[in-house]
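S.K.: The structure under discussion is supplied below as structure tokens; questions concerning it will follow.
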Amino acid sequence: ALDPYTSHGHDGLIINNEIDNDETNKVLIKQALIQAQAGCDIIAPSDMMDGRIGLIRNALEKNKFFNVQILSYAVKYASNFYSPFRDAVGTSSTLKSDKKTYQMDYKNSEEALLEVKLDLDEGADFVMVKPALAYLDIIYKIKQKFNVPVFAYNVSGEYSLLKNGIKSSLAKEDIILEVIYSFKRAGANAIVSYFANEVIEQYLS
């Protein structure tokens, strides 16, 4: 996605006061090729622009990057759980509008399944669900419907809620593994989490 690099904090280019899907895709293709040339084994577009998976797949194959895989952020919700990350990268102050025109509505589940199918048809190798904790049902539905690896993204807001709860003695450290196991139980094959160090420490202790 382009949000760390844009002055307005959106994942795409703004032209005439609107996110321009097609122009953004042109930049995403260049970004993907640069990453592949640098040696990336997996490209993970998280922008939620329509059609970008197929365009990136075609560009990779045209440039003979046949073994580079695509992890599509096929299911990325317009969520309140991203706030700490946006604070960290400095987009909270620059983002003047929400991302609901291109990220998913959290009230909808069928859209997630449709988007996963579209991205797989376009050449994605596996898919990401982001955030994860409030969307265990989506992880489960994807895993039941598609024979594809599913990643769960345990995002910054989820991390902060639990971490602050532990610091305030409202919960014990064991809550971390309880949440991580919920992702696995829902069907996630892999988990991206800010709790990675804590999980390792709990396993080793």
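S.K.: When the convex hull of the C-alpha atoms of the chain is computed, what volume per residue in Å³ does it have?
M.R.: 135
S.K.: A further question follows. With both partners inside region 14-204, how many of the DSSP beta bridges are antiparallel, as a percent to the nearest 5?
M.R.: 10
S.K.: Further question on the same structure: Which residue, A186, A112, A59, tops the fluctuation ranking in a GNM of the chain built on C-alpha contacts under 10 Å?
M.R.: Among A186, A112, A59, the largest mean-square fluctuation in the Gaussian network model of the chain belongs to A59.
S.K.: Compute the helix-to-body angle for 174-186: its Cα long axis versus the longest principal axis of the chain, expressed 0 to 90° and rounded to tens.
M.R.: Rounded to the nearest ten degrees, it is 50.
S.K.: Roughly how many debye, to the nearest 20, is the charge dipole of the chain about its Cα centre, given +1 on each Lys and Arg Cβ, -1 on each Asp and Glu Cβ, and no other charges?
M.R.: 220
S.K.: Who wins for biggest fluctuation among S182, S160, S169 in a Gaussian network model of the chain, springs between alpha carbons below 10 Å?
M.R.: Top of the fluctuation ranking is S169.
S.K.: Further question: Pairwise over distinct Cα atoms, reciprocal of the mean inverse distance: report the Kirkwood radius of region 117-205 in Å, one decimal place.
M.R.: Radius from the Kirkwood sum: 13.8 Å.
S.K.: Counting other beta carbons within 10 Å of each residue's own, what order do E115, E61, E198, E110 fall into, fewest first?
M.R.: E110, E61, E198, E115
S.K.: Taking amide hydrogens as modeled 1.01 Å from N in the peptide plane, which residues meet the under 5 Å criterion relative to I43, leaving out close sequence neighbours?
M.R.: Q69, I70, L71
S.K.: Near the amide H of M128, under 5 Å away, which other amide H atoms are found, from residues 5 or more places off or on another chain, if H is placed in the peptide plane?
M.R.: For M128, whose amide H was placed from the backbone, the distant partners under 5 Å are S72, Y73, A74, V75, F151.
S.K.: Among L177, N147, L136, which residue has its Cα furthest toward the positive end of the charge dipole of region 132-181, with +1 on Lys/Arg Cβ and -1 on Asp/Glu Cβ?
M.R.: N147
S.K.: Next question. Efficiency by 1/(1 + (r/R0)^6): what FRET value for D174 and N108, r their Cβ-Cβ distance, R0 = 35 Å, to the nearest 0.05?
M.R.: The formula returns an efficiency of 0.60 here.
S.K.: Here's a follow-up. Relative to the longest principal axis of the chain, what angle (0 to 90°, nearest 10) does the C-alpha long axis of helix 110-122 take?
M.R.: It works out to around 50 degrees.
S.K.: Still on this structure, I have one more. Could you check the spin-label model distance between F66 and D121? Points 7 Å from the Cα along Cα→Cβ, value in nm.
M.R.: Result for the modelled spin labels: 2.6 nm.
S.K.: Any of K26/K62; K26/K117; K100/K184; K107/K145 with alpha carbons more than 24 Å apart? Name them for me.
M.R.: K100/K184, as the Cα separations exceed 24 Å there.
S.K.: Quick check: the angle from helix 21-37's long axis to the longest principal axis of the chain, C-alpha only, nearest 10 degrees?
M.R.: With rounding to tens, the tilt is 80 degrees.
S.K.: Projecting each Cα onto the charge dipole of the chain (Lys/Arg +1, Asp/Glu -1 at the beta carbon, about the Cα centre), which of A74, L2, Y102 comes out farthest on the positive side?
M.R.: Value: A74.
Since every read-out is calculated from the coordinates, none of them should be taken as a lab result. Values in this document were obtained by computation on a predicted structure and should not be read as measured data. A quick note on method: Cβ atoms are made from the backbone with ideal geometry, for glycine too, and the neighbour counts reach across all protein chains shown.
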